[in-house]
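Q: Sharing a structure with you now.
What follows draws every value from the coordinates through simple rules; no lab data is involved. Only a predicted model underlies this, so the values are computations on that prediction, with no experimental measurement involved. Note: ideal-geometry Cβ built from the backbone for every residue, glycine included; neighbour counts use all protein chains shown.
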Amino acid sequence: MPVTEAGRSASGPLPPAACGRIDAALARPAAQQPQWPDRRAVAEVRDVLATAPPITTPVEVDRLRRRLAAVARGDAFLAQGGDCAETFASNTPEHLGANLRTLLRMSTVLGHAARVPVVTVGRIAGQFAKPRSKTTDAHGLPVYRGDIVNAAAPDPRLRVPDPRRMLRAYANSRAAMRLIRMLRRAGAAEIFASHECLLLDYERTMLRPAGSDGRLYNLSSHFLWIGERTRELDGAHIAFAELMANPIGIKLGPTATAQQVLEYLERLDPHREPGRVTLITRLGHQHVEQVLPGLVETVAASGHQVVWQCDPMHGNTHESTTGFKTRHFDRILAEVRSFFAVHRALGTYPGGIHLELTGEPVTECVGGALHVSDHDLRGCYSTACDPRLNHRQVMELAVRIARILRS
Ligand code: PEP
Ligand code: MN
């Protein structure tokens with residue numbers, strides 16, 4: 001067994017060849033990782049997680065692979081959403097239930113309109129790690145990187161990255177996944193889990209070989225995506241994703257190039273599996289018509305069958321006059337409209353939508369029929385990171401998207 005810097009086995013029960021491949025992938029530069037104060041404590045946590053029962057199963061992941069293949073072919077629609085950042089404190093049946101109800105109601109509305117099955121995926125049961133654009137916050141403290149790393153409270157001691165939080169994230173994810181399975185047995189629709197594949201010291205511990213060919217499944221979730229800030233072609237995240245059998249998303253911001261996208265597809269989809277890769281565009285409403293056609297045309301010409309998904313949230317964030325990080329409903333809708341218009345014009349399939357949402361009556365995004373104003377934001381602003389659409393705003397957006405789907 002190869003050993004890590006702390007002299008421990010790198011990946012628990014994995015075969016030596018797999019350990020070597022994982023170590024090689026993770027030896028590349030990894031953006032957005034915490035500076036753990038004590039690497040030995042990280043190795044201890046990793047050893048515990050590497051032999052713990054994982055969150056999902058290969059059978060479930062394979063089922064999602066089949067569902068996303070249908071989306072890529074244009075025979076289904078992908079509805080994904082949930083908190084920007086889940087927290088341990090909000091990992092309650094009430095909060096999870098509210099978010100899932102909102103997500104499922106959106107799926108129902110979209111399914112009726114699209115007249116195809118909807119694949120429902122939550123940002124849930126593990127969305128605990130956050131990439132940040134700055135390393136310090138407004139108080140000059142080390143930035144909050146999600147509950148899996150440190151605490152949001154503005155206390156210097158609690159902002160020190162604590163590897164034991166990975167154990168709490170694991171336990172919280174298991175509990176959330178149990179609730180999702182219970183809802184399923186109680187007759188709710190099929191729901192898959194997803195989160196950003198960001199914190200590599202955690203993600204690597206959930207790799208398990210499965211199937212006759214022993215492919216590695218990342219059983220921390222069903223679907224994982226690589227974020228806009230960690231998609232470097234020679235970086236650790238893309239190399240790590242290459243090892244995983246799971247379906248993989250890549251967020252694409254306005255600076256993404258057609259050449260980059262082709263390289264992602266060559267690396268991540270060498271066998272040309274429909275739905276293996278979901279390209280999640282988050283361009284900003286004003287950039288879609290300029291940037292998206294080139295990307296879509298290049299991918300279409302390459303023959304890779306991807307899922308095109310629109311994240312109308314992350315390119316449309318601004319600061320309100322009252323000092324809150326917010327997003328305007330009209331800009332979110334504008335990005336969605338342009339996304340559908342571009343795909344229609346090119347004859348490609350707009351496969352899905354990716355939202356930050358909650359079933360709770362928060363006031364985090366402005367606009368919509370509720371006319372949430374800059375002043376209203378202070379009423380109920382409770383996100384741990386980015387502003388989410390509340391239930392009414394989600395349903396309003398779903399109805400607008402349904403109209404587009406029918407037209
Ligand atoms: C997110 O989805 O919460 C996120 C950080 O997105 P992006 O990587 O697109 O900025
Ligand atoms: Mn976010």
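Q: With charges set only on the Cβ (+1 for Lys and Arg, -1 for Asp and Glu), what does the dipole of the chain come to about its Cα centre, in debye to the nearest 20?
A: Result for the chain is approximately 800 debye, rounded to the nearest 20.
Q: For the chain, what is the Kirkwood hydrodynamic radius in Å, using each pair of distinct C-alpha atoms?
A: Taking the inverse mean of 1/r over all distinct Cα pairs, the chain comes out at 21.4 Å.
Q: With all pairs of different alpha carbon atoms counted, what Kirkwood hydrodynamic radius in Å does region 226-354 show?
A: Computed over region 226-354, the radius equals 15.1 Å.
Q: Mean residue ellipticity at 222 nm from the helices of the chain, using -39,500 (n - 2.57) per DSSP H segment of n ≥ 4 over the full residue count, to the nearest 500 deg cm²/dmol?
A: Dividing the helical sum by the residues of the chain leaves -12000 deg cm²/dmol.
Q: Hey, another quick one. Counting residues in region 26-75 as N, plug N into 2.2 N^0.38 Å and put the Cα Rg over that result.
A: Output field value: 1.80.
Q: Then there is this: From the phi of every residue in region 103-109, what ³J(HN,Hα) in whole Hz does the Karplus formula 6.51 cos²θ - 1.76 cosθ + 1.60 yield, where θ is phi - 60° and glycine or proline is x?
A: Here the 3J(HN,Hα) series is 4, 5, 5, 4, 4, 4, 4 Hz.
Q: Taking the Cα centroid of region 133-202 and of region 290-335, what is the distance between the two, rounded to the nearest whole Å?
A: One Cα centre to the other: 25 Å.
Q: Right, next: In terms of Cα to Cα distance under 12 Å, which aspartates and glutamates are near enough to K251, apart from those fewer than 8 places away along the same chain?
A: Filter leaves E196, E228, E232, D311.
Q: Sort by residue number and report every cysteine in the chain with no other cysteine beta carbon within a distance under 4.7 Å.
A: Cysteines lacking a close Cβ partner in the chain: C19, C197, C310, C365, C380.
Q: A follow-up question, please. For R406 and E297, FRET efficiency with R0 = 25 Å and r from the beta-carbon atoms, rounded to 0.05?
A: It comes to 0.45.
Q: Sort 114-126, 82-94 by packing, meaning the average of other beta carbons within 10 Å per residue, with the highest value first.
A: 114-126, 82-94
Q: Convert each backbone phi in region 125-132 into a coupling constant with the Karplus relation 6.51 cos²θ - 1.76 cosθ + 1.60 (shift: θ = phi - 60°), then list the ³J(HN,Hα) values in order as whole Hz, x for Gly and Pro.
A: These are the phi-based 3J(HN,Hα) values: 6, x, 8, 10, 10, 10, x, 10 Hz.
Q: A further question on this structure: Report for the chain the percent antiparallel among DSSP-assigned beta bridges with both residues inside it, nearest 5.
A: Close to 25 percent.
Q: Once Lys and Arg get +1 and Asp and Glu get -1 on their Cβ, which of A151, M166, F192 lies farthest toward the positive end of the dipole of region 137-194?
A: Positive-most Cα among the choices belongs to F192.
Q: While we're on this one: I'd like to compare 133-143, 187-197, 50-60: which one has the highest average count of other Cβ atoms within 10 Å, and what's the full order after that?
A: Top to bottom by mean Cβ count within 10 Å: 187-197, 50-60, 133-143.
Q: Across region 176-191, in residue order, what do the Karplus-derived ³J(HN,Hα) couplings come to in whole Hz, using 6.51 cos²θ - 1.76 cosθ + 1.60 with θ = phi - 60° and x for Gly and Pro?
A: Listing the rounded values in order: 5, 5, 4, 5, 4, 5, 5, 4, 4, 5, 7, x, 5, 5, 5, 10 Hz.
Q: If you don't mind, there's one more thing I want to ask. Count the DSSP beta bridges whose two residues both fall in region 79-197, then state the antiparallel fraction as a percent rounded to the nearest 5.
A: 20
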